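Trainee: This is the structure, below, for whatever I ask next.
The values are calculated or read from the model by the stated rules, or taken from the named source; none is laboratory data. Bear in mind the structure is a predicted one, so any value in this text is a computation, not a measurement. Quick reminder, even Gly has a Cβ in these numbers, built from the backbone with ideal geometry, and neighbours come from all protein chains shown.
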Amino acid sequence: MTIIAEFDKALRIGRPPNITSLFPHSRALIVSGKVIDRAMAAKGKAIAMAANGRNYFIIRGALMAAQRANAPLIVEIAKSEGGQKAYCAVNYWNMARIVDALCNELGITVPVAIHADHYGIKNDKDLAAARVEIPTMFEAGITSIAIDASHQPDDQNLLANIAINPCIPAWAGLETEVGEIKGNQGLSTVDDATFLIQGLNAHGIFPDWIALNNGTTHGLEASAAGIQVDLTADIHRALAPYKVNGAQHGTSGNSSERLREIADRTVTTKANVATALQMISWGLEVNDYGNAQLDADGNFIKVPGEGMGDELWAEMVAYANDKGWKKGDYKSLNLPFENRLLAQPKEIRDRMAKRVEEFAYRMMTEVFNGKDTAPLALEAILSAGSYDLGAKGCRREDPARWTREQIVERAKALGSNKGPAGNFDD
């Protein structure tokens with residue numbers, strides 16, 4: 001079968017029902033997150049970029065990079081970024097439409113998953129709302145989701161994951177999380193992670209990924225702590241029987257060497273890249289791994305002739321200053337300025353996307369080892385003969401030993417240090 005024939009067949013059988021319904025005439029190969037995970041696992045020591053599409057230019061640039069690298073891509077947005085109370089114009093309900101349109105415009109042929117990242121469930125009220133909201137997100141083209149109840153105690157985290165699972169299509173990519181992303185405080189443990197995955201397994205739930213608090217933070221990384229590779233490797237080894245891979249959060253600010261080590265020594269197949277891509281698209285000076293640089297006065301450095309127009313950047317800075325925002329709050333500029341960014345001349349819009357493409361391509365090929373993994377994604381679809389690849393794992397735990405009461409009792413023995421309280425959403 002030729003490459004074109006393989007793509008055409010994958011297009012016919014590999015797009016989930018929500019995607020075929022929304023985009024019946026599309027040539028965009030939008031797939032379940034499971035497809036991307038399987039491709040990375042098939043290559044081994046390879047990680048897919050999960051690009052947080054905080055603006056249109058990030059999505060465009062990341063898609064161009066993925067096509068150039070011949071690598072599948074995950075385009076995602078978190079609840080804080082793209083939920084009902086979002087700080088970005090890109091959201092859970094329009095992201096698939098943006099991706100589909102761009103794929104058709106640009107001739108993108110690599111598989112792309114549409115991921116609802118960090119779907120936070122912090123209490124019973126959130127859980128009730130999620131039962132209504134999550135189906136609307138899949139109706140709008142989401143093909144993969146991360147349920148993040150990590151803000152809750154271990155037993156409630158597990159129980160929330162179990163309770164919401166019937167709202168998630170069986171074919172969709174599934175990520176779960178243990179430990180809030182708090183830097184080097186409240187680190188996840190082998191016991192925490194094993195408790196969550198075993199409990200889900202007992203209830204017939206087999207996540208594709210687990211995200212950990214393994215030492216990183218969301219947003220700007222000001223410390224040298226970063227990802228704790230040994231801890232991550234230990235947890236992944238403990239979870240090996242359950243066939244769940246790792247999702248690495250908080251990559252911005254971690255060195256390329258540290259990220260290569262994660263690819264080499266763990267079973268991580270998904271890595272979120274958010275703040276770095278935002279800053280790069282805007283035209284700010286960054287170091288070689290995407291952390292924005294500050295001048296002697298503590299201000300971001302806008303590179304002349306890169307990213308957005310200099311006058312618009314000055315307006316954004318003035319707006320942030322007017323609000324009294326700190327540097328970590330600049331992410332909230334996305335929503336009020338998206339239309340202003342889209343209204344710039346074509347040459348400026350193009351250079352914003354191109355800057356993202358160059359950075360993302362280097363990360364995909366030189367750091368994440370993702371080059372030429374798109375054919376492995378097609379192979380996964382063709383081998384399954386379906387958009388539904390099924391679960392990697394199988395039930396190993398006895399459901400009779402994981403009732404609600406037993407889950408609550410088991411959690412008492414964990415006694416983990418969850419770190420400081422506070423708002424650790426991205």
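Trainee: Can you tell me which of Gly61, Gly82 is crowded, with 24+ Cβ neighbours inside 10 Å and either farther than 19 Å from Glu175 by Cβ or among the aromatic types (Phe, Trp, Tyr) (or both)?
Mentor: Going through Gly61, Gly82 in turn, just one is crowded, with 24+ Cβ neighbours inside 10 Å and either farther than 19 Å from Glu175 by Cβ or among the aromatic types (Phe, Trp, Tyr) (or both): Gly61.
Trainee: Quick one: in the range 1-31, of everything that is under 15 Å from Thr109 (Cα atoms) and among the hydroxyl-bearing types (Ser, Thr, Tyr), which residue is modelled with the lowest pLDDT?
Mentor: Thr2
Trainee: A further question on this structure: Return the only residue of Arg97, Arg38 being in contact (Cβ under 8 Å) with a residue 60 or more places away in the chain, within 28 Å of Ser281 (Cα to Cα) and of a type outside the set (A, V, I, L, M).
Mentor: Arg97
Trainee: Anything in the range 228-245 that is in a helix (DSSP H, G or I) and in contact (Cβ under 8 Å) with a residue 40 or more places away in the chain? List them, or say none.
Mentor: Passing the criteria: Leu231, Asp234, Ile235, Ala238, Leu239, Pro241, Tyr242.
Trainee: Additional query: All but one of (1) of a type in the set (A, V, I, L, M); (2) under 29 Å from Ile147 (Cβ atoms); (3) buried (at least 16 other Cβ atoms within 10 Å of the Cβ) hold for Ala238; which doesn't?
Mentor: Failed condition: (3).
This table checks each residue for (1) charged (D, E, K, R); (2) under 12 Å from Arg60 (Cβ atoms); (3) surrounded by 17 or more Cβ atoms within 10 Å (Cβ to Cβ).
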| position | (1), (2), (3) |
| --- | --- |
| Asp329 | yes, no, no |
| Leu333 | no, no, yes |
| Pro336 | no, no, no |
| Met352 | no, yes, yes |
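Trainee: Now, a different point. Out of all the residues in the range 16-65, which are more than 18 Å from Ala140 (Cβ to Cβ) and of a type in the set (Phe, Trp, Tyr)?
Mentor: Matches in the range 16-65: Phe57 only.
Trainee: Taking the range 147-189 only, how many residues are modelled with pLDDT of 95 or more, within 20 Å of Asn245 (Cβ to Cβ) and hydrophobic (A, V, I, L, M, F, W, C)?
Mentor: Total meeting the criteria: 9.
Trainee: Residue pairs, Cβ under 7 Å, 6 or more apart or interchain, first in the range 1-13 and touching a residue at least 60 places away in the same chain (Cβ under 8 Å), second in a helix (DSSP H, G or I). List them.
Mentor: Once the first residue is touching a residue at least 60 places away in the same chain (Cβ under 8 Å) and sits in the range 1-13, its partners that are in a helix (DSSP H, G or I) give Glu6/Leu378; Glu6/Leu382; Phe7/Leu378; Lys9/Leu382; Ala10/Leu378; Ala10/Ile381; Ala10/Leu382; Ile13/Ile381.
Trainee: Return a yes/no flag: does the range 276-283 have any residue that is under 30 Å from Lys43 (Cβ atoms) and outside any helix (DSSP H, G or I).
Mentor: no
Trainee: For the range 187-202, which residues satisfy the criterion of being over 17 Å from Cys394 (Cβ atoms), more than 22 Å from the chain's Cα centre (by Cα) and aliphatic (A, V, I, L, M)?
Mentor: Val190
Trainee: Which pairs turn up if I take residues in the range 367-388 that are touching a residue at least 40 places away in the same chain (Cβ under 8 Å) and look for partners that are in a helix (DSSP H, G or I) and hydroxyl-bearing (Ser, Thr, Tyr) with beta carbon separation below 6 Å, at least 6 apart in sequence or on another chain?
Mentor: Val367/Ser256; Lys371/Thr365
Trainee: Can you say whether Ala65 is hydrophobic (A, V, I, L, M, F, W, C), modelled with pLDDT of 95 or more and within 13 Å of Ala360 (Cβ to Cβ), as far as the supplied structure shows?
Mentor: For Ala65, the condition - hydrophobic (A, V, I, L, M, F, W, C), modelled with pLDDT of 95 or more and within 13 Å of Ala360 (Cβ to Cβ) - is met.
Trainee: Filter the range 192-227 down to residues that are in a loop (DSSP other than H, G, I, E, B), modelled with pLDDT of 90 or more and surrounded by fewer than 24 Cβ atoms within 10 Å (Cβ to Cβ), then give me how many there are.
Mentor: 4
Trainee: Moving on to the next point. Here are some residues: Ala391, Ala374. Which one is out of contact with any Asp or Glu (no Cβ under 9 Å at 6 or more places or on another chain) and either on the phi < 0 side of the Ramachandran plot or loosely packed, with under 14 Cβ neighbours inside 10 Å (or both)?
Mentor: That would be Ala374, the only listed residue that is out of contact with any Asp or Glu (no Cβ under 9 Å at 6 or more places or on another chain) and either on the phi < 0 side of the Ramachandran plot or loosely packed, with under 14 Cβ neighbours inside 10 Å (or both).
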